[in-house]
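The values are calculated or read from the model by the stated rules, or taken from the named source; none is laboratory data. All of these numbers come straight from a predicted model, not from anything done at the bench. Note: ideal-geometry Cβ built from the backbone for every residue, glycine included; neighbour counts use all protein chains shown.
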Amino acid sequence: MSKDSWAVAVDVQEATTPSIQVSFRGDTPRKLISYPTLANETPDFRAGGDLAEQSLVNKLIRRALVRNRNEVEVLQRDPRSPLYSVKSFEELRLTPELLRGVYNMGFNRPSRIQENALPMMLAQPPQNLIAQSQSGTGKTAAFSLAMLSHVNTENKWTQCLCISPTYELALQIGQVIEQMGTFCPDVKLAYGIRGNRMNRGIKLQEQIVIGTPGTVLDWCTKYKLIDPNKITMFVLDEADVMIATQGHRDQSIRIHRQLTKDCQMLLFSATFEESVWRFAEQVVPDPNIIKLKREEETLDTIKQFYVICNEKEDKFASLCNLYGSLTIAQAMIFCHTRKMASWLASKLITEGHQVALLSGEMEVAQRAAVIERFKNGKEKVLVTTNVCSRGIDVEQVSLVVNFDLPVNMEGMADNETYLHRIGRTGRFGRRGFAVNMVDSDCSMDIVKAIEHHSVYRKISKLDTSNLEEMEKLSI
Ligand SMILES: Nc1ncnc2c1ncn2[C@@H]1O[C@H](COP(=O)(O)OP(=O)(O)O)[C@@H](O)[C@H]1O
Ligand SMILES: [Mg+2]
């Protein structure tokens, strides 16, 4: 499919609209914070809580499929029907053009989730599907393939509708479809996103429309560019991110209501909290369900310590001692606020370290660039706030320092964030260290609380000024 055969060019490149509501792990916004007034001292929660941005950063830096050895759990709508799974793309009987497009992307065989999801999505009569697996396991590629395979190119109207939480994520999906459809010149795609202005009343000829809920809803109802009765495949990507914004949830449901009963509904999510599940059930009747459990992060190879310090200068001195006595491949240091992160970064730079700084006020593309440089070893130390604590794998990190301990909005131990932070050291059997800086009774309590959380194992005391003790440590 040549580039110019894609009908719609995006004429305005708009930035993501800053959302004024921040929601943390769940769907109830707890606090109203508007970006411009977000003070430097404010805990850098925003970006950590902004699922859509996190998802985009992950997409920008991920080059390959995330491996997962867990079994796939399949719940069939009709348990008596045979369960199909495929070990090769050939078994799917795709058109030669589409198969060529898949191989051209460097995909040799279906991913774990694709083995089961693809036959279900391509089955006749059509079946509805809810699929959940962690990000990077091939969900987007799976439904892109399903849409490309589903369309009837003879028909010059929209048949597949796909919605995604943000402008940027919609563009990403579009790129996958374009790339996969390189050799399918008759399949056309339109982007239902802000800035893509259309004349009212014409009917789109593109068989696939990918967009955000607001614009797609307008295209269906106000502008009538799409006839919802003719949509035979509806895809809802990143449902967990989608429903974190109330408006998106409502718009998705309104789009869904316009569709016919026979339309095939497909929903994808990286997580499966109660709220996602309720939403999924609402928009996907009689579903098949595929789940792929996240691989447990093993902490067996990670030694965990705490260091008693006074205030930040003292913490800094401990950090320097620690760094001086260990041969460290790469280190990640977590701070609570942007102000602390930038203070620490500049102190480390004065000490001669090559330091990268990553925090919430940075644009997604800037963040991806910083992570990319760090992954390539351009800097050995990454100082960051909560922004970076999830989803980003840097294999060569062998030391994680909690310069400030992970706490939630109530100031209590945030066990989940702790696990994500230290989980990035000691992967693939390598040894790693996690060091927690304790600067008060209160932070000692937090360390104890984290330790008591069963899976984390012991957190031992470390005296970084005791050279003998430090020499016993080696990575
Ligand atoms: N079968 C496959 N073989 C190899 N790479 C794949 C396969 N499916 C997807 N990928 C690649 O893996 C990465 C993650 O895939 P993606 O579909 O975006 O996952 P998800 O939607 O679950 O986050 C992408 O870089 C994609 O190109
Ligand atoms: Mg995806």
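When the residues of the stretch 119-142 are narrowed to those that are of a type in the set (A, V, I, L, M) and within 16 Å of ligand 2 (Cβ to nearest atom), which ends up surrounded by the most Cβ atoms within 10 Å (Cβ to Cβ)?
Result: Ala131.
Just checking, which of Val307, Val370 is of a type outside the set (Ser, Thr, Tyr) and within 18 Å of the chain's Cα centre (by Cα)?
Criteria check complete, one pass: Val370.
Does the stretch 172-195 hold any residues that are polar (S, T, N, Q) and touching a residue at least 40 places away in the same chain (Cβ under 8 Å), and which are they?
The answer is Gln172, Gln179, Thr182.
Within the stretch 362-395, restricting attention to residues that are at pLDDT below 80 and within 30 Å of Asn310 (Cα to Cα), which residue is surrounded by the fewest Cβ atoms within 10 Å (Cβ to Cβ)?
So the first thing to find is which residues in the stretch 362-395 are at pLDDT below 80, and the list is 386-395.
From the residues that got through so far, the ones that are within 30 Å of Asn310 (Cα to Cα) too are 386-390.
On the way: Asn386: 25, Val387: 27, Cys388: 29, Ser389: 25, Arg390: 17.
Per the criteria, the residue is Arg390.
Could you please find all residues in the stretch 165-184 being in a loop (DSSP other than H, G, I, E, B) and modelled with pLDDT of 95 or more?
Within the stretch 165-184, Gly181, Thr182, Phe183, Cys184 qualify.
Among the numbered criteria (1) of a type in the set (A, V, I, L, M); (2) more than 16 Å from ligand 1 (Cβ to nearest atom); (3) surrounded by 24 or more Cβ atoms within 10 Å (Cβ to Cβ), which single criterion is violated by Ile210?
Among (1) of a type in the set (A, V, I, L, M); (2) more than 16 Å from ligand 1 (Cβ to nearest atom); (3) surrounded by 24 or more Cβ atoms within 10 Å (Cβ to Cβ), Ile210 violates only (2).
What tally of residues in the stretch 124-146 results from selecting those that are outside any helix (DSSP H, G or I) and near ligand 1 (Cβ under 8 Å from one of its atoms)?
Pass one, the stretch 124-146, residues outside any helix (DSSP H, G or I): 124-138.
Cutting the leftovers down to near ligand 1 (Cβ under 8 Å from one of its atoms) gives us 133-138.
Of the residues in that region, 6 qualify.
Need the failing condition index for Asp218 against (1) surrounded by fewer than 22 Cβ atoms within 10 Å (Cβ to Cβ); (2) within 16 Å of ligand 2 (Cβ to nearest atom); (3) assigned to a helix (DSSP H, G or I); (4) charged (D, E, K, R), just the number.
The failed condition is (2).
Scan (1) within 9 Å of ligand 1 (Cβ to nearest atom); (2) in contact with a strand residue (DSSP E or B) (Cβ under 7 Å, 6 or more places away or on another chain); (3) modelled with pLDDT of 95 or more for the single condition Met121 breaks and write down its number.
Evaluating Met121 over (1) within 9 Å of ligand 1 (Cβ to nearest atom); (2) in contact with a strand residue (DSSP E or B) (Cβ under 7 Å, 6 or more places away or on another chain); (3) modelled with pLDDT of 95 or more leaves (1) as the failure.
Quick check on my filter: what residues within the stretch 254-265 are within 25 Å of the chain's Cα centre (by Cα) and either within 19 Å of Thr215 (Cβ to Cβ) or within 12 Å of ligand 2 (Cβ to nearest atom) (or both)?
The answer is Ile255, His256.
Do you know which of the residues in the stretch 91-118 that are more than 10 Å from ligand 1 (Cβ to nearest atom) and over 21 Å from Ile177 (Cβ atoms) is surrounded by the most Cβ atoms within 10 Å (Cβ to Cβ)?
Of everything passing the filter in the stretch 91-118, Asn116 is surrounded by the most Cβ atoms within 10 Å (Cβ to Cβ).
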